[in-house]
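One structure is given below, encoded as structure tokens.
Rule-based calculations on the coordinates, nothing more; no lab input. In this text the structure is predicted, and so the values were computed from the model without any measurement.
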Amino acid sequence: MVSTRFLLFTLSTTTASVAIPLAARQYDDYQPTCWDKILDLQWTISGLSYSASYTTVSPEANTTSWDYVGFTLSNSAVGYMADCVAGSVVGFNGTEEYSCTLGEGAPEGAGVKFKFAKEQGKVEVEEVILCSEGEGHSATFVAKGETGVSLGQCTDETQENEEWKEGEVYKNREVKCAGGEDVSLWPSQFLVKE
Ligand SMILES: *[C@@H]1O[C@H](CO)[C@@H](O)[C@H](O)[C@H]1NC(C)=O
Ligand SMILES: *[C@@H]1O[C@H](CO)[C@@H](O)[C@H](O)[C@H]1NC(C)=O
């Protein structure tokens, strides 16, 4: 019994040690093209944070607000990330488009834009990706997608200045959200420009 088991073990080990390098070699030979990678594109939104501050300078004054949203966007088809940050005095209702800052290695002409709808908890992404693999194989892709996002845990604090005097801030409200989970999304639309 014992020797049979030993033999089986040896055989399977030998088989594996032959099979793995072969499989690895085949895999190494296969270089996914830029087109392959783009058609498999997956984005990930991470580190989403949102905050808003509402300031009222006097009991008669209107409240002014400042909203901020930020996240990092990674893309499985390219080696660089996008840092997406925006501020707004009218809030985020999904209409306005903002540009992200691309990380190191991004080619000229590449770009990421986003829209954010706070009430709906929705992020829309549009990315321009360049594929240059020699003559006849170069193209510019525009990929678009959207996803629901959760803002995570939020705190909401209001400070009111009971003994307000001219020149002081009367009321200040701060909303801060962080810790929303990472979200992956896939393009719902592709455009190819030659
Ligand atoms: C508050 O806002 C309203 C509407 O925008 C404006 O008509 C009014 O003059 C503002 N009041 C002050 C004190 O700025
Ligand atoms: C969103 O806000 C902008 C600027 O305040 C406004 O022009 C636009 O009509 C709003 N859109 C929606 C769908 O509420």
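For the pair residue 68 and residue 138, the difference between a 0.36 nm per residue extended length and the Cα-Cα distance amounts to 21.5 nm. Our coupling estimate for region 53-62, obtained by passing each phi through the Karplus curve with A = 6.51, B = -1.76, C = 1.60 and θ = phi - 60°, is 10, 10, 10, 10, 7, 8, x, 8, 6, 6 Hz, Gly and Pro reported as x. Taking a straight Cα-Cα cut-off under 21 Å and skipping sequence neighbours fewer than 8 places away in the same chain, the lysines within cross-link reach of residue 113 are 37, 122, 144, 193. Cross-link reach is defined here as a Cα-Cα straight distance under 17 Å, omitting same-chain residues fewer than 8 places apart; for residue 118 the lysines meeting it are 176.
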